[in-house]
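In what follows, a single structure is set out as structure tokens and then discussed.
Derivation of every value follows stated rules applied to the coordinates shown; laboratory data play no part. Since the model is a prediction, treat every value here as computed from it, not as a measurement. Virtual Cβ from ideal backbone geometry, glycine too; neighbours counted across all protein chains shown.
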Amino acid sequence: MSVLLKEHRFIGVSSKEVAQQIEAKNKCKEKLPTWFETPLIYYPRKLNIEQTSSEITARYKSEIAVGKSLLDLTGGLGVDSYYFSKEIGRILHCEIAPEVAEIAAYNFKILGRNNIETLAVDGLEFLKKSDSQFDWIYVDPSRRNDAKGKVFLLADCLPNVPGNLDILFGSAQNIMIKTAPLLDISAGIKELRYVKEIHIIAVKNEVKELLWILENGHNGEVIIKTVNLIGSTREVFNFAFSSEQTASPSFSKPLNYLYEPNSAILKSGAFKTVAERFDINKLHEHSHLYTHDQLLDFPGRRFKIEGILPYNKKSVQALGINKANITTRNFPVSVSEIRKKFKIKDGGDLYLFFTTNEEGNKIILSCSKA
């Protein structure tokens, strides 16, 4: 029976609020296990939980910022501030919504983080009036307008970071900006100044966020750092942004093994660089699948190629299957259309890659996990 229909014994607390707390807490079980497992935590609306960083990505961010002080310009629930406070002596957490700021400040005390000061203010307006200096400023701008579709600019977000860089650099030498994975890397570099690093963070092969590290006066290469966090392991691949323009990959027909880069590398656009770095061959300029005679240590999925088939009905029928894991790369037919057309369910130990080879022919690679 729903909590809303039960009598409860919490004096001065409505059944509705108790139900909201239970629902919000359950949202934290996987994303915020520390909050979930700590007694006396007060939970905000579930929307705030959905919008906040996960603990695994917040922990990663805390490894980057080195110094004595940090200003969290757009604090929210404070997950990032919590992890920054484990590495940095003084954290100032600004949150424009008074209720969220109050909840965050209370939870910081429950979590024992006494080096975080919370202010219920607009972080940018605070900076304009303050002469305080910080080693780092961290900002997580929110998109103002979803009507523009998947592509968006940082100038379309709140706060407008590109339009206020002088104010930010007036208070800190280093700036860390968190953005959604949808932000185009080249567009972001053009909008910003002094970009030193861009971190692309994936968790279990799903890109969760981009981190833009700005250092005042930096005029060197922009380094792209990709990481795929899988439990306690990390797949890391770093490269200079300009290297992709000069990389010269080799091409070949499918050999013994097939390699598919993880989602962080694919987001980075290092399609030629990864081939050159690992000395593996591309199947096609736009397929972003790679092959080699030997089994190599590689930041992504690895497969043993069991068969190479032309793409047609007869070839698929010859496989004699009703279940397979299907991936398409540089292929005109979607996974759902292929499943419907050939009546193939998802799952099993067989992996089918529908792609295009160097000659432009549509092919199917029948594979097993290596």
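Can you list the residues, at least 5 places off or on another chain, whose amide H is less than 5 Å from the amide H of residue 307, using H built in the peptide plane?
Excluding prolines and chain starts, which carry no amide H, the hits are 366.
Starting from the Cα gyration tensor of the stretch 245-369, take the square roots of the eigenvalues, sort them a ≥ b ≥ c, and report rounded, prolate or oblate (rounded when a/c is under 1.5, otherwise prolate if a/b is larger than b/c, else oblate).
Numbers: a/c = 1.83, a/b = 1.74, b/c = 1.05.
Verdict is prolate for the stretch 245-369.
Is the stretch 17-82 rounded, prolate or oblate when judged by the Cα gyration tensor, a ≥ b ≥ c being the square roots of its eigenvalues, rounded requiring a/c under 1.5 and prolate requiring a/b larger than b/c?
Details: a/c = 2.39, a/b = 2.01, b/c = 1.19.
It comes out prolate by the Cα gyration axes.
Given R₀ = 41 Å, FRET efficiency for residue 184-residue 15 by Cβ-Cβ distance, to 0.05?
Numbers: r = 47 Å, r/R0 = 1.14.
After rounding to 0.05, the efficiency reads 0.30.
Please state the Cα pair-distance histogram of the chain with 10 angstrom bins from zero: what percent is in each bin?
For the chain, the binned pair fractions read 5, 20, 26, 21, 17, 10, 2, 0 percent.
I need the peptides 46-59, 254-267, 323-336 ranked by packing, meaning the mean over residues of other C-beta atoms within 10 angstrom, with the highest value on top. Spell out each step's value before the answer.
Values: 46-59: 18.1, 254-267: 21.6, 323-336: 15.4.
For the peptides 46-59, 254-267, 323-336, the packing ranking is 254-267, 46-59, 323-336.
How large is the charge dipole for the chain, taken about the Cα centre, if only the Cβ atoms of Lys, Arg (+1) and Asp, Glu (-1) carry charge, to the nearest 20 debye? Kindly include the intermediate steps, with their values, before the conclusion.
Values: 49 positive and 44 negative charges, 303 e Å.
Its charge dipole is roughly 1460 debye.
Cut-off 10 angstrom, C-alpha nodes, Gaussian network model of the chain. Which of 206, 191, 359 fluctuates the most?
Greatest mean-square fluctuation among the candidates belongs to 359.
Place a point 7 Å from Cα of residue 221 in the direction of its Cβ. Which residues in the stretch 182-213 have their backbone N less than 15 Å from it?
196-198
Below 11 angstrom from the Cβ of residue 28, what's the summed charge of the other residues (Lys, Arg +1; Asp, Glu -1)? The partial results should precede the final answer.
Details: positive: 25, 27, 29, 31, 46; negative: 23, 30, 37, 50, 55.
Net charge in that neighbourhood comes out at 0.
Using the Kirkwood formula on the Cα atoms of the stretch 125-269, what hydrodynamic radius do you get, in angstrom to one decimal?
Kirkwood radius, the stretch 125-269: 16.9 Å.
Under a point-charge model restricted to the Cβ atoms of Lys and Arg (+1) and Asp and Glu (-1), what is the dipole moment magnitude of the stretch 245-369 relative to its Cα centre, in debye to the nearest 20? Write out the running numbers ahead of the final one.
Working: 19 positive and 12 negative charges, 131 e Å.
Its charge dipole is roughly 620 debye.
With charges set only on the Cβ (+1 for Lys and Arg, -1 for Asp and Glu), what does the dipole of the stretch 22-240 come to about its Cα centre, in debye to the nearest 20? List each step's numbers first, then the result.
Numbers: 27 positive and 29 negative charges, 71 e Å.
I would put it at about 340 debye.
With the dipole of the chain worked out from charges on the C-beta (+1 for Lys and Arg, -1 for Asp and Glu) around the Cα centre, which of 137, 119, 278 lies farthest toward the positive end?
So the residue we want is 278.
Order these by the 10 Å Cβ neighbour count, fewest first: 305, 189. Let's see the in-between values first.
On the way: 305 18, 189 14.
Listing 305, 189 from fewest to most nearby Cβ atoms yields 189, 305.
Would you mind calculating the relative contact order of the stretch 132-281 from Cα pairs under 8 angstrom and at least 6 residues apart, reporting the percent as a whole number? Kindly include the intermediate steps, with their values, before the conclusion.
Numbers: 271 pairs, mean separation 27.1, N = 150.
18 percent.
Once you sort the root eigenvalues of the Cα gyration tensor of the stretch 240-314 as a ≥ b ≥ c, which label holds: rounded (a/c under 1.5), prolate (a/b larger than b/c) or oblate (the other case)?
Numbers: a/c = 1.90, a/b = 1.69, b/c = 1.13.
Prolate is the answer for the stretch 240-314, as a/c is 1.5 or above and a/b outweighs b/c.
Among 104-117, 273-286, 14-27, how do they line up by average Cβ neighbours within 10 Å per residue, starting with the highest?
Values: 104-117: 16.6, 273-286: 18.9, 14-27: 15.0.
Order by mean packing, descending: 273-286, 104-117, 14-27.
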